[in-house]
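Here the structure is laid out as structure tokens; the discussion comes afterwards.
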Amino acid sequence: MTSSPSLLRLLRDDPRAAELATWPFDFEPGPAGDGRITHVEPVRLASGEPLEAIAKDGGGGTYFLCGSGDGEDRPVLFADSEGSAGIVGADLRAALLLIAALPCAGQAVNLERQGHVMDETALAALRQEEDDELSEAAGMEDLPERRAEFLDRLGLVPPPLTDLLVLAREAAALDSSHVLLNEHGDAYRQD
């Protein structure tokens, strides 16, 4: 179900939400409908479904909504500038929750696949480790407050970390049906 109002519209209309999305969450929303967001090279989905670029990251990566339709209920794919791509959320709401509230979601899914038990305590420790690294590197000691403000501005209430892990698993399950190809037909690595 599409969020109401549109999360992209909220990001585009609220300068503070856009600022927080960009830093510290590395999701810089682009302007609506003018085609200014471009990836480092031409890309397409192997399925032939359309891609809509909606945001960039600081390293040249691009976030795309995948598939037909105008809503935000489409999977969100992230393609980096080095040839890797993967689904980061089954829809935009899930992607933004994971990006902000559990940025280590991919790592948690990988650890789970290796047999680690990822309960609330393990997820909190993993997130804290990542938060500490970002806080130290950026001199940002107010990351939890920024996270809370960002989610609040978008009207997103973060569920328990174990529920966020479920969202991450759902996203990972969509990877194989969303293969990204470059202009030469070479597939991006799925991470």
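Structural remarks
- Around Thr162: net Lys/Arg minus Asp/Glu count, Cβ-Cβ under 10 Å: -3
- Radius 14 Å from Cβ of Thr62, net charge of other residues (Lys, Arg +1; Asp, Glu -1): -4
- In a simple Cβ point-charge model (Lys, Arg +1; Asp, Glu -1; nothing else charged), the chain has a dipole of about 520 debye relative to its Cα centre.
- Secondary structure note: in the chain, about 90% of the DSSP beta bridges are antiparallel.
- Report summary: the helix-based calculation at 222 nm, which adds -39500 (n - 2.57) for every DSSP H run with n ≥ 4 and divides by the residues of the chain, gives -12500 deg cm²/dmol.
- The residues neighbouring Pro144, those whose beta-carbon lies less than 11 Å from its own, together hold a net charge of -2 under the Lys/Arg +1, Asp/Glu -1 convention.
- For the chain, with +1 on Lys and Arg beta carbons and -1 on Asp and Glu, the positive-most of Leu11, Gly185, Gly30 along the dipole: Gly185
- Sequence ranges 114-120, 156-162, ranked by mean other-Cβ count within 10 angstrom, highest first: 156-162, 114-120
- Taking all Cα pairs closer than 8 Å and separated by 6 or more residues, the relative contact order of the chain comes to 24 percent.
Rule-based calculations on the coordinates, nothing more; no lab input. Because the structure is a prediction, the values reported are computed rather than measured. Positions of Cβ are generated from backbone atoms using ideal geometry, with glycine treated the same way; all protein chains shown enter the neighbour counts.
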